[in-house]
Every structure is written in structure tokens, then in C-alpha cells.
Amino acid sequence: MTTTEKTADLLAREIEARREDLIALTQDLIRIPTLNPPGENYLLICEYLENRLKRQGFSVEMIRAHGTPGDSDRYPRWNMVARYEGKYPGECVHFNSHTDVVEVGKGWTFDPFGAELHDGKIYGRGACDMKGGLAASIIAAEAFIAACPDFAGSIEISGTADEESGGFGGVAYLAEKGFFTPQRVQHVIIPEPLQKDRICLGHRGVWWAEIETHGEIAHGSMPFLGDCAVRHMGAVVNEMEETLFPALAEKRTDMPVVPVGARQSTMNINSIHGGQAEQPADFTGLPSPCVPDSCKMIVDRRFLIEEDINDVQREITDVLDKVAGKRENFRYDIREMHRVLPTMTEKNAPVVETVSRAISDVMGKEAEYVVSPGTYDQKHIDRIGKLKNCIAYGPGILELAHKPDEYIGVDDMIESARVMAQSLAELLPRPD
Ligand SMILES: [Zn+2]
């Protein structure tokens, strides 16, 4: 056996010895309902992680993201960063997991916060997205420290808030405070549920905008005395159907986005609201007859690394200007709500090559490279932290995220923990 094989063998045994611990840790995390919105129990889960990691010799910082969206004394945005220093100086590998989960929704046959173990799977909201990944990374780090106590460099584990709502009170805040500078951290692994044999290199871009068409209020029996903003918006939808959607479908990308349907530009019309507001369900009256003077549409445009954000914006304003050229009294406003540029880590980046080797070692098959259709916290590490050596890698099936009866497979966590631990062994070797 070579030294590398011996280390891999030792790590596998250290992780297997922690199987029960891994299950209990995952269950404990799921049983803390960290619903977002509104952002429940963030302090509780950070304290739980702090206790556990301090016992293992980590030093822990608790950081509240004061003043970020949603932060209040009732719902404080707490984050936890733990660091373990090796015996010798070296690089730092950071595992970042979000601690928040989305609403439960309907259709569950298991208790969403019961974390029941059934047939090798642990069920609960956040099981795969991403408390299972967080637990796997903790077990991987602890097993590595036990197996290779003389390593060089350092390991960080963070539990962060609000990924599901943009990450502004979580990774973005930490990045602004310098936690992800290339001087402090050299490799970042985000254990999102991308499947144990896949490496996620990045994500497409996002541009959200609100379009408003204007009209003039009048009595509904004499609409010719007013100007209907909803009809103007109808013309916008028409133009989009005729020219914009076909053009977007033509734009293909070399990014390996999964599912393959997202390997092109896409746009979702998120909402259209015009005219009188909807009344509560128990309201029994009729609407009053008015011509709507305003109609608003929110568009959610996802774009490719080959596209420029200025062109993405221009395409939408071109549609509006074209409609303006055809319709009398057509007036509009457009307002940007949110933007994230696409990002993709190079395949030859050190963290990608290392995790790829560990996957083929542990799983006996080549790693698959993928890109996410939607964004995740890598955007903040890339843009604010200026760190390009970042991937998402973790156990769980992406399609189960946010669904009823979400689960994480225990064997999947064990295997991905082995990949993470072997990656630590390669990135933080003991000096000869
Ligand atoms: Zn997630």
C-alpha cells in the first residue's frame, strides 16, 4: 500500500466509526427548525454547532449580521465560523453550509422536524438542503483531524444564515467582513445537495426587473374615457411571445448546466398585477367598475456566462420600445430589482482537481462537472470575497430540495464525507 492508500484507508475507517454520530448530528440539526422566512432559531443552531466544534478543538466566532435584510431583535441573523489550526502553516480549506430551511409546505408523510431514520434515510425539512451536507463536512473534518493530526494549514467550517433568501445576512455579510479573502481562505467547498459524484462549478446569472405600464382611470362602462394599463401589458406579453422567448431559446451555453433544459437563456414571468387588488376570500361583494391605470410585471431572467448583463437589459427595453412604436399612449417604467453575474470556477482550479480525484478514488468513477441553473452562496464568495477557487460538492439529490418528504441517505453522507476528508488530506499535507 502507498502512503496515499494508507491514508485513504484510515480515513474511511475513521468515518465509518462515526456513522452513529453522523446520524445523530444530522437528526439534531434537522430538529432545530430554522425556517426562513422569517429566520427562526438561527442563534440556537449556531450555539449547537459552537458547542460541538469547540469540544473538538475548534475556535469559534459568532457573528450577527446587524442591519441586513430581515435582521431584528426578534429574528437576529446569526452566523458561526469555526477554525482549526493544524500543526504547521499552510492553506485553509473552508466548508460553508447554510443553516436555514424553506417552509414545510403540504404533502408530508413524515414529521418535517422529526428527523426519522427509515430504511437508511433521514427525513425532514432541510435533510438534503443542506443539514446532511453540513453534518457530513463536520464528520469529515473530525475524522481527518483524528487520522492526520500533523497536518499543515487550517480547516474552517461555517454555518450561515439566509441562503434561501439571497444570503445577505449570511455569506455576503461574512465576505464583506473579510472572512473569504484569498489571504485568509484558499479553498471553499459548499456541501449543497449536488450528488456525491458531481462537482458544481458555478451558476447562471440572474436579472430581476419590475416593468410597469401606465394608463388612466375611468368608469368601466366608458373605457374609451380612460386608458387600460392591463391591455398595454398584454401587448408586452404578446411581443415577448413573438420575439423574445424564441430568441432566448436560441442562446445556448457551453456551461454544463443541469438539468439540460437550463442550458440556454430562460425567462420566467414571475407575476402580473393590474387593476383592483384581490379581495379576501370571505368578501362577498362585487368589484367596482374601473379602468386600471397601472399594471406591473416582474420578470426573472436567467442568463449565461457567454452573455453580457447590459445586453440582457437591452433586450427587455427593446421589447418595450418596440411596443411603444406600435401603440398609442404606451408609457412604461422599468426598475432593476436584483442582479447576480454568472460564475464558473475553472476545471483546473486546485479545489476542483482535488475533489475530482477523491471522487474517482472513493466512488471508482469519474466525477461529473455541473453548473446550477439557479444561484447559491458561491456568488458572494466570488464577487465580494474575490476567491475563484470555490465549488459546491455534497451529498443528497437536488430534486428533493424544498419538496415534501425531503431526505438524505446515510450511505451518501458517508461516501461524500470520505471524499471531503480525502480532499483535506491532499490539500493540507504534512510537511516531509
Ligand atoms: Zn441549499
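The values are calculated or read from the model by the stated rules, or taken from the named source; none is laboratory data. On a predicted model such as this, the values are computed, not experimentally measured, just so you know. Cβ atoms come from the backbone with ideal geometry, glycine included; neighbour counts cover every protein chain shown.
Cβ-Cβ distances below 6 Å connect the following pairs, each with a first residue in segment 92-106 that is farther than 15 Å from Ala127 by Cα, a second residue that is in a strand (DSSP E or B) and within 11 Å of the ligand (Cβ to nearest atom), and a separation of six or more residues or different chains: Asn96/Ile190. Among the residues of segment 89-112, the ones that are aromatic (Phe, Trp, Tyr) and closer than 26 Å to Ala141 by Cα come to 1 in all. Among residues of segment 225-238 that are more than 13 Å from Gly274 (Cα to Cα), those with a beta-carbon under 7 Å from a residue that is in a helix (DSSP H, G or I) and at pLDDT 95 or above at least six positions away or on a different chain give the pairs Ala235/Val323; Val236/Val319; Val236/Leu320; Val236/Val323.
Residue-wise test of (1) over 14 Å from Pro193 (Cβ atoms); (2) surrounded by 24 or more Cβ atoms within 10 Å (Cβ to Cβ); (3) of a type in the set (Asp, Glu).
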{"residue": "Ser360", "(1), (2), (3)": "yes, no, no"}
{"residue": "Lys365", "(1), (2), (3)": "yes, no, no"}
{"residue": "Lys388", "(1), (2), (3)": "yes, no, no"}
{"residue": "Asp405", "(1), (2), (3)": "yes, no, yes"}
{"residue": "Ser416", "(1), (2), (3)": "no, yes, no"}
{"residue": "Glu426", "(1), (2), (3)": "yes, no, yes"}
{"residue": "Pro431", "(1), (2), (3)": "yes, no, no"}
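Look through segment 258-274, keep the residues that are modelled with pLDDT under 95 and β-branched (Val, Ile, Thr), and return whichever of them is nearest to His203 (Cα to Cα). That would be Val258. Of the helices (runs of 4 or more DSSP H) lying entirely inside segment 1-89, those containing at least 2 residues that are over 17 Å from Gly132 (Cβ atoms) span 3-16, 42-55.
Summed over segment 159-196, the residues that are of a type in the set (Val, Ile, Thr) and away from the ligand (no atom under 16 Å from the Cβ) give a count of 2.
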